[in-house]
Amino acid sequence: MKHILDELENRRALAQAGGGAARIEKQHAKGKLTARERLEILLDDGSFEEYDMFVEHRCHDFGMADKTVPGDGVVTGQGTIHGRLVYVFAKDFTVMGGSLSLSHAQKICKVQDMALKNGAPIIGLFDAGGARIQEGVDALGGYAEVFQRNVLASGVIPQISVIMGPCAGGDVYSPAMTDFIFMVRDTSYLYVTGPEVVKTVTNEVVTHEELGGAKMHAKVSGVAEGAFDNDVEALTQVRRLINFLPASNREEPPHWPSFDEPERLAPVLDTLIPANPNMPYDMKELVASVADEGDLFEIMPEFGANIITAFGRLEGKTVGFVANQPMVLAGVLDIDASKKAARFVRFCDAFEIPLVTFVDVPGFLPGTKQEAGGLIKHGAKLLFAYAEATVPKVTVITRKAYGGAYDVMASKHLRGDVNYAWPSAEIAVMGAKGAVEIIFRGEAGDPEKIAARTKEYEDNFANPFIAAQRGYIDDVIMPHSTRKRVIRSLRTLRNKNLSNPWKKHDNIPL
Ligand code: HXC
């Protein structure tokens, strides 16, 4: 018997050695951890149960028959994060560059199937050179099997991708269909085709970093939901994110013990809004002062920073905060902000996470660049997302709510459940200056008359009371009581029962 047990240990050791000591050393020299080291950080101590450690590829072409490594370049299995079940796969770059063979794909599909069946999140760690070139169409088919499962799992279980090395070719589309992509700065890059192909096809000379680095994707393209400085930070932040998320759309998010008083007042908010309506202020102060212990997990902090999207908790339960940020582009809604917030709102709605929206928005960004970029369709994404959302929606207008952007930002008319305004709210078709210039064009040459008209407009519209008179605003609240009022509203909405008409699926403007 002993020799049988030894055989198992030997086989395990072989699989655990991955591509061998020299390649592991190379991996470390690049500032990257190995697949197994990463899983150790991601998962609770000793919780990892590995599957398919002995799987090998079955390719015989191009001398591949002699090149087998047990595990075949991906470590898969399940474990826990703060005691909650998650499924994982981690590409092992030390084994044929983490490239995807048919067997490798089948391993990933197995954990995808188990995650979906058992209602638990799946986290993929990417560090790979794309399709295993020697396997041809088997590798292409393997990718498509993974993609198909990504789509079926979308909206059922949270899917998270962490890019921790190269991620090119077939490897990019699975992360793209997951809920969140995080990247590691300086050591990861994500692109459909690398710099060599780009040079051949377009004659453009670019570096890996410029083409698909974390800085570019987290700030410019919006492909990544966030970027972190190294492997350890990225993995510990994913652990933190998991704490905010439900295991599936059948379960509630975990209840986190909170010592923050629900009735806590924040007098500092009474002076948050500057006297000059054109002066910015930091909306993050409001979001942090409302959330339990000020604890937030921001999604896309660098991209479309004119809108804030963040998970937080109220009375220990997860909520999704969406808030215009007057510090960036005056909090305007543009293409990037609309796309970013729409996707966040849809995630929250899919997973029954209530939405708390703070509004200070001067409207949609005008201009040829925005119109040519499709602002109408992109802005409509956010409108659509809020309108279709059936989760509890509590909205607070702090200052401007102008034009179409008033409608879009979880207004009463889009089935906002409880809509509050601060006394400083201004709810109007547009700001006073623009409005007077249009409706009193004939008086443009008379500064006194224009000043009087502007004052008249401000008196009428630069306040929340007309909207409150019509019932579009349920109450005008003191800024310091915002947390208390939002929490009380959410309590009343716990048993909210609202559904949309039956349909196969909607046709959100893509
Ligand atoms: C087989 C691969 C491989 C691949 C890397 N390797 N990519 N083996 N298929 N796709 C192997 C290398 O031969 C090498 O083996 C080891 O992995 C490490 O690779 P290096 O090139 O030495 O590493 P590095 O210099 O760090 O460069 C990493 C890299 C480069 C930039 C990712 O390997 C690369 O460009 N690979 C090819 C990328 C690519 O074109 N993939 C196909 C995309 S097409 P040894 O034995 O020397 O250690 C695609 C289509 C699918 O994916 C579409 C589905 C929708």
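Read the figures in this text as sums done on the coordinates, not as results from a lab. Since the structure is predicted, the reported quantities are computational estimates derived from the model, not experimental observations. Because the Cβ atoms are built from the backbone with ideal geometry, glycine has one as well, and the counts that use them run over all protein chains shown.
Quick notes
- T94 vs. criteria touching a residue at least 12 places away in the same chain (Cβ under 8 Å) and surrounded by fewer than 21 Cβ atoms within 10 Å (Cβ to Cβ): no
- Looking across the range 465-480, the residues that are crowded, with 20+ Cβ neighbours inside 10 Å and under 32 Å from the mean Cα position of the chain (by Cα) come down to I473, P479.
- Comparison of V86, V69 shows that the only residue that is hydrophobic (A, V, I, L, M, F, W, C), part of a strand (DSSP E or B) and either touching a Leu at 6+ places or on another chain (Cβ under 9 Å) or within 16 Å of the ligand (Cβ to nearest atom) (or both) is V86.
- Residue check for R23: away from the ligand (no atom under 16 Å from the Cβ), part of a helix (DSSP H, G or I), in contact (Cβ under 8 Å) with a residue 24 or more places away in the chain and of a type in the set (D, E, K, R): no
Matching residues to (1) out of contact with any Ser or Thr (no Cβ under 7 Å at 6 or more places or on another chain); (2) part of a helix (DSSP H, G or I); (3) not basic (K, R):
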site	(1), (2), (3)
A435	yes, yes, yes
A452	yes, yes, yes
Y457	yes, yes, yes
I466	yes, yes, yes
I473	yes, no, yes
K484	yes, yes, no
L490	yes, yes, yes
K496	yes, no, no
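- Pairs, first in contact (Cβ under 8 Å) with a residue 12 or more places away in the chain in the range 130-145, second in a loop (DSSP other than H, G, I, E, B) and within 7 Å of the ligand (Cβ to nearest atom), C-beta under 8 Å, six or more apart: G130/S99; A131/S99; R132/S99; I133/S99; A139/S99; A139/R132
- For the range 194-206, the criterion of being in contact with a Pro (Cβ under 6 Å, 6 or more places away or on another chain) and surrounded by fewer than 17 Cβ atoms within 10 Å (Cβ to Cβ) is met by at least one residue.
- Per-region count, the range 31-55, residues farther than 14 Å from V95 by Cβ and in a helix (DSSP H, G or I): 6
- Matching residues, the range 159-197, being more than 12 Å from the ligand (Cβ to nearest atom) and outside any strand (DSSP E or B): P175, T178, D179, R185, D186
- Selected residue [of a type outside the set (S, T, N, Q) and either crowded, with 18+ Cβ neighbours inside 10 Å or assigned to a strand (DSSP E or B) (or both)] from V232, V223: V223
- Scope the range 393-413; condition of a type outside the set (G, A, S), buried (at least 24 other Cβ atoms within 10 Å of the Cβ) and not in a strand (DSSP E or B); matching residues: V408, M409
- Per-region count, the range 321-334, residues outside any loop (DSSP other than H, G, I, E, B) and surrounded by fewer than 22 Cβ atoms within 10 Å (Cβ to Cβ): 2
- Complete set of residues in the range 98-141 that are touching a helix residue (DSSP H, G or I) at 6+ places or on another chain (Cβ under 9 Å), away from the ligand (no atom under 15 Å from the Cβ) and not in a helix (DSSP H, G or I): A120, P121, I122, I123, G124, L125
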